[in-house]
Amino acid sequence: MQSHAITPRITVLLPVLTLCLGLAAPMALAREIPARLDWAERVELGTPVSGVVAGVDAEPGQRVKRNEVLVRMDDRGIRAQIEEDEAQVRRLEIARAEAELEYERQQEMYDRTLISQRDLSLAEIAFAMADAEFVAARARLTRTRLDLEYSQVRAPFDALVLARHVRAGQTVNNELQVTPMVTLVSAEPMLARGQVEEDGLAGLAVGQNVEVRVGERRYDGKLRALGLEPLDMTSETPRYPVTVQFTAPADHNLRAGQRAALIPGND
């Protein structure tokens, strides 16, 4: 008798429980935002120096450290120019010192009324011209030394080599436009970019914890940016860009364009 009394209650509760579970599943799925992985930074490196490429130490997929040399230009001409500029600076430094002494002698003689104001002015002008030539020579030497520094293209940060655009022996002319030599990307941190409709913006805030799922792997991330304008202004259901930043171990070998899912936290 008791079993017959309990059975109807269970029969009534089961549809209600099934309905609740059915509603909960779509709500859980709605919290996931489809996304694609992207590089945090991408840069094309080149040099203002024209000439012949002496060597390239970068291959696509290679990991490089900050300040590591990636491309080397033939610098023999630059080094020869530095020697010439240094000799010119030394010569003009001596000439400047002599002109200064002469001006001081003329000043002393003028004070003793042995020469005219014009003679003193001529000595002053000669010293000013010698000083100007010396300063200009030092500036030329500085520019040449910079050319020597720029003859080596270095990585500005720890990065991955995405592409190499030049080879050893190739001549490049960078007088009018700098030739891209190597393309680098930063994989630390990584970005995941998604889109949400207007209704989904209410539960999101910059700095919020967001879990990033790539395949079976999960990473802790932070919401870095929320778009202020929809991607398509003419769409009847506008969608806004969402960017999440996260860090993954280097051996996971994540790539731009991989599918991901963003799961916002409740903080």
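The values are calculated or read from the model by the stated rules, or taken from the named source; none is laboratory data. Because the structure is predicted, anything quoted here is derived from the model rather than measured. All Cβ positions, even for glycine, are placed from backbone atoms using ideal geometry, and neighbour counts span all protein chains on display. Remember, those area values only see protein heavy atoms, side chains included, never the ligands or the DNA or RNA. Shrake-Rupley method; radii C 1.70, N 1.55, O 1.52, S 1.80 Å.
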At 0.36 nm per residue, minus the direct Cα-Cα distance, what do Val69 and Asp57 gain on full extension? Give it in nm, one decimal, please. 3.6 nm
Subtracting the Cα-Cα distance of Glu41 and Ala250 from 0.36 nm times their residue separation yields 73.6 nm
Run the quick spin-label model on Ile82 and Glu124: label points 7 Å from Cα toward the beta carbon, then report their separation in nm to one decimal. 4.0 nm
If I build a Gaussian network model for the chain, linking alpha-carbon pairs within less than 10 angstrom, which residue out of Asp147, Asp85, Asp232 has the largest mean-square fluctuation? Asp232
Which value in deg cm²/dmol, rounded to the nearest 500, describes the helix-derived mean residue ellipticity at 222 nm for the chain, given -39,500 (n - 2.57) per DSSP H run of n ≥ 4 and division by the residue count? -13500 deg cm²/dmol
Orientation-averaged projected area, Cα convex hull of segment 50-127 (nm²): 8.9 nm²
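Using the heavy atoms of the protein chains alone and a 1.4 angstrom probe, what is the accessible area of segment 117-267 per residue in square angstrom?
With the other protein chains kept in place, segment 117-267 gives 60 Å² per residue.
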Looking only at Met181, Met190, Met109, which one moves most when the chain is put into a Gaussian network model with springs between Cα atoms under 10 Å? Met109
With N denoting the number of residues in segment 98-150, provide Rg(C-alpha) divided by 2.2 N^0.38 Å, to two decimal places. 1.66
Taking the 0 to 90 degree range and rounding to the nearest ten, how far is the long axis of helix 117-150 tilted relative to the main principal axis of the chain, both from C-alpha atoms? 40 degrees
Scan segment 217-267 for trypsin sites (Lys or Arg not before Pro) in coil per DSSP, keeping those whose Cβ has at most 15 other Cβ atoms within 10 Å, and list them by number. Arg255
Round to the nearest 0.05 the FRET efficiency obtained for Asn266 and Glu188 when R0 = 30 Å and r is the Cβ-Cβ distance. 0.65
Using a Förster distance of 35 angstrom, determine the FRET efficiency expected from the C-beta separation of Met109 and Arg154, and round it to 0.05. 0.05
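Over the chain, what per residue volume does the convex hull of the Cα atoms give, in whole Å³?
Dividing the Cα hull volume of the chain by its residues yields 253 Å³.
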Can you pull out the chymotrypsin sites (Phe, Trp or Tyr not before Pro) in segment 41-141 that DSSP calls coil and that have at most 14 other Cβ atoms within 10 Å? none
At 10 °C and 1.306 mPa s, the Stokes-Einstein diffusion coefficient in µm²/s for segment 150-258, with hydrodynamic radius from the Kirkwood sum on alpha carbon pairs, is 92 µm²/s
Calculate the spin-label point distance for Arg239 paired with Val206, positioning each point 7 Å from the Cα along the beta-carbon direction, and give it in nanometres. 2.3 nm
For segment 87-243, alpha-carbon Rg relative to the globular expectation (2.2 N^0.38 Å, N residues): 2.16
Inter-label distance, nm, simple model (7 Å from Cα along the C-beta direction), Glu216/Arg91: 7.5 nm
Give me Rg/Rg_expected for segment 70-178, where Rg uses Cα atoms only and Rg_expected = 2.2 N^0.38 Å with N residues. 1.77
Given springs between every Cα pair under 10 Å in a Gaussian network model of the chain, which of Ala87, Ala139, Ala202 has the largest fluctuation? Ala202
